[in-house]
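Report on the structure given below.
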Amino acid sequence: MAALGKIRKRGVALVCIIGLGLFAFIAEEAFRSCEATKNQQRQQIGEVLGNKVNVQEFQALVDEYQEVLKMTQGVDNFSEEQLNSIKDEVWNSFVNEQIIQAEAAKIGLTVTDEELQNMMKEGTNPMLLRSPFVNQQTGRFDATMLTKFLDDYKKNANNPQMAESYDRIYKYWQFIEKQLRQQTLAQKYQALLGNSILSNPVSAKMAFEGQNQESNIQLASIAYSSINDNDVKVDDSDLKAKYEEQKEMFKQTVETRDIKYVDFQVEASAADRKALMTTMQEASTKLQSGANPAEVVRKAQSQFPYTGIAATKRAYPSDIAAKLDSMSVGQTTAPFETKGDNTLNVVKLISKVQMPDSIEYRQIQVGGATIEAARKTADSIYTALKAGADFEAIAKKYGQTAQKQWLTSAMYENSASMDEDSKNYLNAINTLSVNDLKNIEFSQGNIVLQVTNRKAMVDKYDVAVVKHTIDFSKATYSEAYNKFSQYVSENKTLEELEKNAAKFGFKVQERRDMFNSEHNVAGLRATRETMKWIFDAKVGEVSPLYECGNNDNLLVVALTGIHPVGYRSLEAVKEMVKAEVIRDKKFEQIKTKFAGVADIAAAKAKGARIDSVNQITFTAPVFVQATGASEPALAGAVAAAKQGEFSKALVKGNGGAYLFQVLKKAAREGVKFDEKATEQMLGQQAAQAASRFMQELYQKAGVVDNRYLFF
């Protein structure tokens, strides 16, 4: 009872404690829920048709496509620019696929397994012809080769030596099959749209006449430029009316932003250049005195290696290759600068020889329990071959086929390094005559080599190249950084940045309408953080200092404008609208001046320029030399007029106003109307028009692209 009494006395306090505990529990769960939602949002790279796109999902597609390109192009890595292009291609393909699938699903349009099987049987689809399953004799895709591969793939799934190579080909085939379905579905949808635009004999006849009915005219031109812009009064009501009239032209489906920025590229100082020149002069002197070229090139830290193997011009940088034919053997150049790649260079031409570009050879590899045993066996093989023994028979005795193979210069001349064994081996192949033999000793054994054919004699050059970028030193970069940092820290607003830029030796530049799908800012690499800042900032804000480019650029950015999805404001397009208003008012002035003009002579009397213009057709816009403009409206007006007729009204063009007299009107000679061919042409034009459907569907798909946050 005493305990119950104490509880009653402290009831309010207990209720508060329990309430706070429950609130804390609920708040913790709510916080966890919010945090989970935020984590999901952080992983969303975009959105299509209301469906979120996860960054891992997109990265998997990028990785898949990279592997395909590596396999088909025979490369191991891609540059930053190539990777950006790949990501763009994958994104566009993914968005288009989602849109097409959604539209096709609405009307029940599909690609069946039977359709795919039929395409494989036919074997002519370009995508199938890029697969590894092409019959070399027929030049077509061979489904039996695919079936055999799939069987082998299953059999070798547990074979670690075979599984990796089989798996790459299998994934490549899966990619082709997926792309084939997507491509076929898109083609079917486009064909459906294209075939819904029908032609008929009447439209075919009109189209033919529009292309082939030619008119010769006398043209009176009055260029808008003949009236000074300052003589045209434009007020706000004019601008507003024209803006409302052309408002659809100013609609944008993606947000863009305007920036002003200062970019400073750090360059080598005079002291940096002097230090590098000293190194290059030392290298030139050593090469000229006959020092070991490999050592000189290595110690000078040349960006172009020395292999000691003669190579064709294509193996050398273009600035080096351009000098070779004008140099004599043994000559060493003084240091020279190449502006194109910002380098200092020294070149020594060690030798110039004529050698085959392609060499056929065969060989027998000789090993043994010891090096001595291998040498002894190789000597006996070499002696037997010199005495006339059959090469293939001896090779077979040692478990080899001695199959002939070709070596081309391109297969080795771009090597970044060359060990002594490889150098001796290549020199032997390059210098042996046809049917000559050589017993070459290696650290692990011997190779008995025979050259069997030589083709395409070319000039080859043994050249020592010392090439070094004119880099800035750490001290130079530090000085530049401190100067730029001072500029940024002392100028916190755009107004201050612009006012004091020249004082620091900088220049403020402008970029309008940046899209978040761009991969860099101001054409500089490594600006993803800057891009994220731009699309998160508010108008008027100034960014922090960014180090970017190839670690040689300093950048600061100010956000000057945001253009959201929707209609751009009149203020944003004011100059464009004003130009249209001025053109309209100039036309009205010309119209008033030329009112009542009924012939070419009267037009000339009022100041028009008169020219003869021939072979005008309805389908081809007239280019008027007098005004420097292409004039579709004039082509239409001429097509509607009869022979001998003077224009019924002043024609409003892009570059001026026009009056004309039709002198002659006739069909092109030698061209006959072919109703069937013309209808076919109209059908093709309809298909091309239908191919632009993706732009409309894209705008309605609510596509959100936030890749800039991740890549």
Only one of ILE176, ILE197 is touching a Ser or Thr at 6+ places or on another chain (Cβ under 9 Å) and either closer than 30 Å to ALA687 by Cβ or crowded, with 16+ Cβ neighbours inside 10 Å (or both), namely ILE176
Could we say that LEU385 is under 26 Å from TYR306 (Cα atoms) and surrounded by 15 or more Cβ atoms within 10 Å (Cβ to Cβ) here? no
| message | Condition check: modelled with pLDDT of 90 or more, part of a loop (DSSP other than H, G, I, E, B) and in contact with a strand residue (DSSP E or B) (Cβ under 9 Å, 6 or more places away or on another chain). Does ASN614 satisfy that? | response | no
Considering only strands (runs of 3 or more DSSP E) wholly within segment 392-499, the ones with at least 3 residues that are in contact (Cβ under 8 Å) with a residue 60 or more places away in the chain and touching an Asp or Glu at 6+ places or on another chain (Cβ under 9 Å) are 445-469
Of ALA220, ALA207, the only residue that is open to solvent by less than 70 Å² (accessible area, probe 1.4 Å), under 30 Å from VAL624 (Cβ atoms), of a type outside the set (Asp, Glu) and modelled with pLDDT of 95 or more is ALA220
| field | Any hit, segment 391-409, residues being closer than 30 Å to GLN301 by Cα, surrounded by 13 or more Cβ atoms within 10 Å (Cβ to Cβ) and not aliphatic (A, V, I, L, M) | value | yes
When every residue in segment 291-339 that is out of contact with any strand residue (DSSP E or B) (no Cβ under 6 Å at 6 or more places or on another chain) and acidic (Asp, Glu) is compared, the one modelled with the highest pLDDT is GLU295
So, LYS648, is that one open to solvent by 50 Å² or more (accessible area, probe 1.4 Å) and in a helix (DSSP H, G or I) or not?
no
Selection from segment 348-382 of residues of a type in the set (Val, Ile, Thr) and surrounded by 13 or more Cβ atoms within 10 Å (Cβ to Cβ) yields ILE350, VAL353, ILE359, ILE364, VAL366, ILE371, THR377, ILE381
Exactly one of MET277, MET327 is touching a residue at least 40 places away in the same chain (Cβ under 8 Å), open to solvent by less than 70 Å² (accessible area, probe 1.4 Å) and not hydroxyl-bearing (Ser, Thr, Tyr), and that one is MET277
Within segment 223-273, residues open to solvent by 70 Å² or more (accessible area, probe 1.4 Å) and in contact with a strand residue (DSSP E or B) (Cβ under 6 Å, 6 or more places away or on another chain) come out as LYS251, GLN265
Residue hits (segment 586-611; open to solvent by 50 Å² or more (accessible area, probe 1.4 Å) and either within 18 Å of ALA649 (Cβ to Cβ) or in a loop (DSSP other than H, G, I, E, B) (or both)) are GLU588, GLN589, LYS591, THR592, LYS593, ALA595, GLY596, ALA598, ASP599, LYS606, GLY607
Sole miss for ALA291 among (1) open to solvent by less than 80 Å² (accessible area, probe 1.4 Å); (2) in contact with an Asp or Glu (Cβ under 9 Å, 6 or more places away or on another chain) is condition (2)
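The values are calculated or read from the model by the stated rules, or taken from the named source; none is laboratory data. Only a predicted model underlies this, so the values are computations on that prediction, with no experimental measurement involved. Using ideal geometry, Cβ is built from the backbone for each residue, glycine included, and neighbour counts are taken over all protein chains shown. These area figures cover heavy atoms from the full protein model, side chains too; ligands, DNA and RNA do not enter into them. Shrake-Rupley method; radii C 1.70, N 1.55, O 1.52, S 1.80 Å.
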